[in-house]
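Structure first, then comments.
Read the figures in this text as sums done on the coordinates, not as results from a lab. These figures come from a predicted structure and were not determined experimentally. Every residue, glycine as well, gets a Cβ built from its backbone with ideal geometry; the counts of neighbours run over all protein chains shown.
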Amino acid sequence: MDYLCFRALCCKGPPPARPEYDLVCIGLTGSGKTSLLSQLCSESPEHVVSTTGADHIRKYWSRYYQGSQGVIFVLDSASSEGDLETARSELHSALQHPQLCTLPFLILASHQDKPAARSAQEVKKYFELEPLARGQRWILQPCSLGDVAALKDSFSRLIQLLEEKDQEAARM
């Protein structure tokens with residue numbers, strides 16, 4: 001018995017294996033995808049270069065969906081009405097896509113530090129998330145580059161949803 005206590009307290013082996021998940025991260029140009037993910041990985045956002053031509057590749061997003069276990073959708077909560085409507089349309093398409101419709105979604109409402117930013121409640125209402133995503137697992141998280149704690153918390157909650165989905169699949 002003493003040996004087991006000693007081993008548990010003093011002999012640290014490698015950390016337990018953590019599951020890995022394949023996630024797809026989508027959003028309009030300028031929504032903050034690269035900046036937020038760089039910040040999450042503790043990389044300096046000053047070296048982030050905007051993706052060029054991203055609007056032209058939107059029609060190819062579905063090619064990245066296969067094998068995904070979860071979705072991160074980044075929207076600019078301070079964008080113009082036109083861009084917000086485009087983001088809404090793209091999110092609706094993703095939520096209804098056959099390869100994504102059963103997956104957990106993390107919706108990041110970025111640029112909360114800008115004066116024109118819409119609140120999480122405004123985004124939820126404008127994007128019609130309640131009626132559209134009913135029965136689906138999703139998280140709406142307002143965020144900005146200055147709030148890494150909220151960003152990490154939202155990813156932790158996404159991982160919980162992914163783990164719950166794994167447990168449900170194992171029971172079947």
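If you take all other residues with their beta carbon under 14 Å from the beta carbon of A150, and give Lys and Arg +1 and Asp and Glu -1, the sum is -1. Other residues within the sphere of radius under 13 Å centred on the Cβ of Q99, judged by their own Cβ, net out at 0 (K and R +1, D and E -1). Label-to-label distance, R18 versus A116, with points set 7 angstrom from Cα along the beta-carbon direction: 3.7 nm.
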